[in-house]
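Single-structure report; data block below.
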Amino acid sequence: MANISAADVAKLRKITLAGMMDCKKALEESNGDFDKAIEIIRKKGQAVASKRADREATEGVVLSKVTPDGKFGAMTVLNSETDFVAKNAEFISLATKILDLALAKKPATLDDLKALPLENSTVGEKIIEFVGIIGEKLNLSYYGKIEAPHVQAYIHPGNKLATIVGFSKPGIDVQVYKDVAMQVAAMNPVAVDKDDVPESVVAQELEIGKEQARRDGKPEEMLEKIAQGKLAKFYKESTLLNQEYIKDNKLTIKQYLQSVDKSLTVTGFRRFNLNQ
């Protein structure tokens, strides 16, 4: 049997994030072969993942960040079974590594992100390895991105809610960008502006408005007009540029941005809340 040193164990732990005893056992089983030891740890993760496939992984962390040039932002959600694991430093470190990789490589889809190389494996394989380390089901469930002249990220304390927002113009006071990113977090708009609301949502809101008016005993010939009025209220409450600015309800977000710079607007946003 190979002589397994503390340095060897530490090296394998750094590569895999597995516990010290797991690393020692894997090195002993592989007779000191690091590649085989990594495979042993990976297979352990696969076995645990298979056993816990039917578990719910609804806890975790939502992280967002932008590239140094401020033109690309990404958001990822790494789920766990328990909040205890979600607060684990190594779990958060893994989630951060995945987000940093997304920023560096700018994958097109979630599947593309999972296939990217990460350390000695891929993102997907690294998550499976980590399942074996902590004994819980994990899932990289969401990846969103925004490209714009300027992108602002916001993470609400606790890592359960985050946003990224694209703006039409760079070089504005950073507090303006932050204010709008926090607006998205707080008010949960469905779209940037009226024209960005999907037709299916518009049709649904009109039908809801008509049904409410019908239940209130309004005549049939008035239902369409009443529904259009309710739709206008929906746009005001649920589209970002038309929402009241939470720091000054005398202004809409559009008016607030134009008060800073006439050509400043929002080009897009992403929002994810684990608690919704």
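The calculated 222 nm mean residue ellipticity attributable to helices in the chain amounts to -15500 deg cm²/dmol, summing -39500 (n - 2.57) over DSSP H runs of n ≥ 4 and dividing by all residues.
Where the alpha-carbon atoms of the stretch 194-260 are placed on the principal axes, they occupy 45, 23, 15 Å, in descending order. Listed by chain and number, the aspartates and glutamates whose C-alpha is less than 14 Å from the C-alpha of LYS233, apart from same-chain residues fewer than 8 away, are ASP193, GLU205, GLU244. Electrostatic tally near GLY158: other residues with Cβ closer than 14 Å to its Cβ, Lys and Arg +1, Asp and Glu -1, net 0. In terms of other Cβ atoms within 10 Å, ARG13, ARG215 run from fewest to most in the order ARG215, ARG13.
Residues PHE269, PHE234, PHE34 in ascending order of nearby Cβ atoms (within 10 Å, fewest first): PHE34, PHE234, PHE269.
Considering only alpha-carbon pairs that sit under 8 angstrom and 6 or more positions apart, the relative contact order computed for the stretch 194-260 is 23 percent. Computed from the C-beta positions of ASP195 and GLN258 and an R0 of 22 Å, the FRET efficiency is 0.80 to the nearest 0.05. Restricting attention to the stretch 125-276, close to 95% of DSSP beta bridges with both partner residues there are antiparallel. For LEU140, the residues whose amide H sits under 5 Å from its own are ASN79, ignoring neighbours fewer than 5 places away on the same chain, with H placed 1.01 Å from N.
By the count of neighbouring beta-carbon atoms within 10 Å, fewest first, SER259, SER200, SER238, SER64 end up ordered SER200, SER259, SER238, SER64. Between ARG215 and ILE246, the modelled label-to-label distance comes to 2.9 nm, taking each label 7 Å out from Cα in the direction of the beta carbon.
When the pairs LYS145/LYS194; LYS106/LYS194; LYS106/LYS247; LYS145/LYS254; LYS106/LYS178; LYS36/LYS160 are compared against a 26 Å limit on Cα-Cα distance, LYS106/LYS194; LYS106/LYS247; LYS36/LYS160 fall above it.
Since every read-out is calculated from the coordinates, none of them should be taken as a lab result. This one's a predicted model, so the numbers in the text were calculated from it and none came from an experiment. Cβ coordinates were reconstructed from backbone atoms using ideal geometry, including for glycine residues, and neighbour counts include every protein chain displayed.
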